[in-house]
1. Has the range A:14-34 got any residue that is farther than 23 Å from A:Gln118 by Cα, more than 8 Å from chain B (Cβ to nearest Cβ) and either assigned to a helix (DSSP H, G or I) or of a type in the set (Asp, Glu) (or both)?
2. Could you grab me the full set of residues in the range B:124-152 that are more than 22 Å from B:Arg251 (Cα to Cα) and exposed (fewer than 14 other Cβ atoms within 10 Å of the Cβ)?
3. Say whether the condition of being within 14 Å of the chain's Cα centre (by Cα) and at pLDDT 75 or above is met by at least one residue in the range B:108-116.
4. Mind checking which residues of the range B:274-301 are within 16 Å of B:Val120 (Cα to Cα) and either small (Gly, Ala, Ser) or not in a loop (DSSP other than H, G, I, E, B) (or both)?
Amino acid sequence: MTADRLVARLEEFLAERGEPLLHAAILLTGSKEGGEDLLQAALERTWRRWRAIEGDPEGYLRRAMYNLAADGWRRQRRWRARLALLRGAHDGIEPDRSGQVDQRDELVRLLLRLPPGQRAAIVLRYWDGLSEAEAAAVLGCSASTVRSATARGLRRLRELSGITAAAAVRSTGQGGTAQR
Amino acid sequence: MSTELEDRLRWEMREVTAGVRVPPGLARRAWRNRRRRIMTRATAAAGTAAAVAAALVVAGTTGASRDVGGHTTAYIVKQAESALDTAWAANDIMYLRATDGTAERWFYLGPQGSANRFEVFSAPGQPGMDIGVAATPASRTITWVFYRTKTWWRMRQAAAPAPQPAAQKSCSSQIPVSLDVDESPAVLVANIREALACGQLTNEGTQYVNGVAAIKLVSVHILRVKLRAGTITITTRTTLWVDPASYLPVRWAEDWRVTGRTRIVRTSVNEDVEWLTPTSANLAQLAVPIPPGFRQVSQPG
């Protein structure tokens, strides 16, 4: 397959199926621009595989995207540690909010403050609507790791947002019924 | 069990991403970028011995410079300064577009004078205000168009001395070099050059900007001011993304935060930068159009 044909095929794929991936990328990075960049980077990373993929390529792209996001977060965390030294220990470090999502979206904004593993687990469960086992396959870990990361992430979000579990619980059936 | 938190989280996730579509051309940009990276690697490999020797010399003079793509920060800064000089020598138009789509700016410095334009949008694609400043050695013309009131205003005045870049670099100053809007393109570019030359920007690796794996340079400045009511802290974070091929800035962002005892004020600017060749079509973008039916007024507003 020539490069032009491959590009055309990918553009077609993105037009049809790329939207959920882009939306997940936006939630992982905290901005539309960051989401586009992440999706593009995932495409680049998986480029060599595209010629060989005959079936559903979405899984490859999703896995690459989540791995890249985790890499980006690791770099950002190192930089934040350096910033802390520059700014003094008493001065709180906040995430880069350039091009950030709407400020009114409190919980999505607070997602940026979670560790990468917890954030990825929450986006996979509550946005992609994957089961614990499916999310584990994407992240390359066990289902129990996904379960504990999701629980810890939600607990942290609750603390940060001030929404108390006791007051807010509305029993609606089985736990972890993530759906879009 | 579903909690209010989980319901809100799902709702906000839908709200944040609603209506966002994959931009056309994403796959092509990915392909181009990948191809460019492969070519860069091949070029770098061909000149390994010379590059290593040069990098060692530069690194010896800059201490803890971070290495990105085989180049030290000092090298990147030097190339960026040189690229800015070249762009202005070629009379390229500097075009800035707010990443949230709220404003566009143009800066041009040509042999016959300068021209700037600043357009603010009240909603996507809907202009709210348009300001243009055209200067020649003899005169200066300012044009304002107000879309809400459907009016426009124009003033001509004798040319004032254009703001000039400071002769001395203010590297020792505690106040960061601002990249904010200025009437003189020369000052704007000089500010960027100064920030680079003073070493206030540190290398933070690469990040994708509109399909380009751009070099990210960041500076954080903290200024504490003692007031009668207490001390306030002004924190300015400036980020400049530089194209690794041309070394011209492709995006810049500035985030200000003022913290005091009782309140926090925060604002930010985030703009993509393009460098347009001064063709007739591109120069025409510097002119502020007066829409038909708009009324001229004697006072702006």
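1. yes
2. The answer is B:Gln126, B:Thr136, B:Pro137, B:Ala138, B:Ser139, B:Arg148, B:Thr149, B:Lys150.
3. Just the residues of the range B:108-116 that are within 14 Å of the chain's Cα centre (by Cα), to begin with: none.
No, the range B:108-116 contains no residue that is within 14 Å of the chain's Cα centre (by Cα) and at pLDDT 75 or above.
4. Step one: of the range B:274-301, the residues within 16 Å of B:Val120 (Cα to Cα) are B:285-291, B:300-301.
Listed by number, the residues that qualify are B:Ala287, B:Gly301.
The values are calculated or read from the model by the stated rules, or taken from the named source; none is laboratory data. Note that the structure is predicted; figures quoted are calculated from it, not measured. Every residue, glycine as well, gets a Cβ built from its backbone with ideal geometry; the counts of neighbours run over all protein chains shown.
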